[in-house]
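Shown next, in structure tokens, is the structure this report addresses.
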Amino acid sequence: MDYQLSIPAIVRRTETLFGDRAVVSRRPDRTVGRSSYAEVLERTKRLGAALQRLGIRRGDRVATLAWASQQHLEVYLAVPSIGAVLHTLNLRLHHDDLAYIVNDASDRVLVVDESLLPLYEKFRAHTAIERVVVIGSSPGPGYLDYEALLAEADLAGRRDVDVDEQDAAAMCYTSGTTGRPKGVVYSHRAIVLHSFGQGMVDTLGIGERDTVLPIVPMFHVNPWGLPFTCTLFGAGQVFPGPHLDPKSIADLLVSERVTLRAGVPTVWLGLLQELDAHPGEYDLSRLRAVVVGGSAAPASMIRAFKERHGLDVVHAWGMTEMAPLGTLCNLPTSLRDAPPEVQLQYRARQGTPLPFVEIRATTEQGPAPWDGSTMGELEVRGPWVARQYYNVDGPDDRFTPDGWFRTGDIVTISSRGCIELTDRAKDLVKSGGEWISSVALENALMGHPKVAEAAVVAVPHPRWDERPLAVVVLKPGQSALPDELVAFLEPHFAKWWLPDTVEFVTELPRTSAGKFKKSALRERYRGRYMNV
Ligand code: ADP
């Protein structure tokens, strides 16, 4: 049958099979709200009817500016269900960028958290948003109240929309660290197939028995697709709201008996410190997987979670342009009885591609052999990889003429197809014509017992073109000298790889997704080697 792979099909299934599973969200005032899928999906329908009443039609864009919450999930499901396009706005962006993005996407309606209204007010005058719906208590004149809209919705008047699986369901903008942010559109088909791929046993094995807590903002690639995957398979979902400090996260993991959580390494490094500081205080026995992605998971962190807290870290790699999951690292049978150190080294890699995601690495000389040592730029293709950027006409060198997407990541690929990411092309340190992996250096530094976080950046150098510089945050109460840290690296790297300088700071700048903001560090230290 020509069955359409669409978000309405996901919703129909969940409605009939998993109505009693829980959706939990922690509100800004820290109280916890509990609902069932049955309630959430009833409200989703009401929201869909209300949006239709406001004039939203197939293909129209509905933007959100909101924290992770049950209401945000409702918008996630309601908008694509009426054939419109969910556009999640990044609440950490500058208001000029937000205005640019809203205009580029031609957003017609905005759903916004009350606490984020001041941010909207900053760019409101530069956009043409027609209606603004506020989640929270009694918004002022000119705004619509989310709860009132749902209460008054005319369900009988709701029109079913025949969604085509190739229709756009959602869109996100890339972070735009170089140039303007670019829109990436996800079709219904891409989201459904991504959910399938993500949920399979050899990937994350997500099922009805799971309770999933993504510590990934709702504006960052649809929390790695997890709200859709969990809804499809009936897994319980927990939304953390705006409280993302390690203690608040640890409390939520325990109180909601979370089985799977996902986030970037910086979030889990913070949690690790919290768990280490309070041994035995948190019962995390339900947790079966800690999914880490977005930037490289240091081996020392994977080891610490396993040895000190009995938790398995699953390392994953992905991108905004691929909805986002591309590869995932599960230990293969051949390594089941390998020494722990060998297993650890494998787990610290980014893993093998999901079904239907194809990979290749390309060098200036052509395709790189799958030998685990030749570095090349990773290229991907598959059903949830973007074909082009939104609103960008003309040739784009991120897409190859033979149908692959160039990721900008430099990798090696092993004979069994396991990728190891050396660096982002733009973060590699090019010293005397040779490449140094900033990722390898920072991961090694984070293995030092006194180091909490470390980032390594390329700094212009008069003789060598660029040289590595390490920026380090020490654990509370620790002190160290640069030489001590460089000596710690020495046994593992060629001498010319070692950072010329180690700077100690109290905090590393972060991107909106919580990754280290290396562009800011490069800028801060760009003159550091100019007089050497
Ligand atoms: P941005 O980081 O620019 O906001 P994305 O979320 O799309 O946008 O980031 C994708 C990039 O993040 C990848 O190209 C890669 O460089 C990096 N990345 C993602 N997962 C991992 C991982 N497990 N290890 C190392 N780098 C990763």
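The values are calculated or read from the model by the stated rules, or taken from the named source; none is laboratory data. Computed from a predicted structure; not experimentally measured. Please note: Cβ atoms are built from the backbone with ideal geometry, for glycine as well, and neighbour counts cover all protein chains shown.
Remarks
- Within the range 311-333, the set of residues being free of Cβ contacts under 8 Å to residues at least 24 places away in the same chain and out of contact with any helix residue (DSSP H, G or I) (no Cβ under 9 Å at 6 or more places or on another chain) comprises just one member, Thr333.
- Among the residues of the range 362-392, just one is exposed (fewer than 15 other Cβ atoms within 10 Å of the Cβ), of a type in the set (D, E, K, R) and under 20 Å from Met322 (Cβ atoms), namely Arg387.
- Among the numbered conditions (1) under 25 Å from Ala513 (Cα atoms); (2) in contact (Cβ under 8 Å) with a residue 40 or more places away in the chain; (3) away from the ligand (no atom under 16 Å from the Cβ); (4) not charged (D, E, K, R), the only one that Ile101 does not meet is (3).
- Given (1) crowded, with 21+ Cβ neighbours inside 10 Å; (2) in contact with a helix residue (DSSP H, G or I) (Cβ under 7 Å, 6 or more places away or on another chain), number of the condition Gly83 does not satisfy: (2)
- Qualifying residue in the range 349-371 (condition: within 12 Å of the ligand (Cβ to nearest atom), closer than 30 Å to Pro460 by Cβ, in contact (Cβ under 8 Å) with a residue 12 or more places away in the chain and among the basic types (Lys, Arg)): no
- Filter result for the condition that a residue is more than 29 Å from Asp162 (Cα to Cα) and either in contact with a Gly (Cβ under 6 Å, 6 or more places away or on another chain) or not charged (D, E, K, R) (or both), over His72, His95: His95
- Of all positions in the range 16-36, none carries a residue that is touching a Phe, Trp or Tyr at 6+ places or on another chain (Cβ under 6 Å) and assigned to a helix (DSSP H, G or I).
- The residue list Ala128, Ala148, Ala190 contains one member that is farther than 17 Å from Ile56 by Cα, surrounded by fewer than 17 Cβ atoms within 10 Å (Cβ to Cβ) and of a type outside the set (Val, Ile, Thr), which is Ala148.
- Lone qualifier among Gly241, Gly263, Gly236, Gly293 - being away from the ligand (no atom under 16 Å from the Cβ) and either under 30 Å from Arg424 (Cβ atoms) or more than 19 Å from the chain's Cα centre (by Cα) (or both): Gly236
- The residue pairs whose first member lies in the range 230-242 and is crowded, with 22+ Cβ neighbours inside 10 Å, whose second member is among the acidic types (Asp, Glu) and part of a strand (DSSP E or B), and whose beta carbons are closer than 8 Å, counting only pairs six or more residues apart or on different chains, do not exist in this structure.
- Members of the range 274-289 found to be modelled with pLDDT of 95 or more and either among the aromatic types (Phe, Trp, Tyr) or part of a strand (DSSP E or B) (or both), listed by number: Tyr282
- Residue check, Leu328 at pLDDT 95 or above and within 16 Å of the ligand (Cβ to nearest atom): yes
- Count of residues meeting criterion [touching a residue at least 24 places away in the same chain (Cβ under 8 Å) and not in a strand (DSSP E or B)] in the range 485-501: 10
- Residue in the range 298-306 that is touching an Asp or Glu at 6+ places or on another chain (Cβ under 8 Å), under 24 Å from Gly207 (Cβ atoms) and within 16 Å of the ligand (Cβ to nearest atom) present: yes
- Candidates are the residues of the range 454-478 that are in contact with a strand residue (DSSP E or B) (Cβ under 9 Å, 6 or more places away or on another chain) and exposed (fewer than 14 other Cβ atoms within 10 Å of the Cβ); the one that is modelled with the lowest pLDDT is Pro476.
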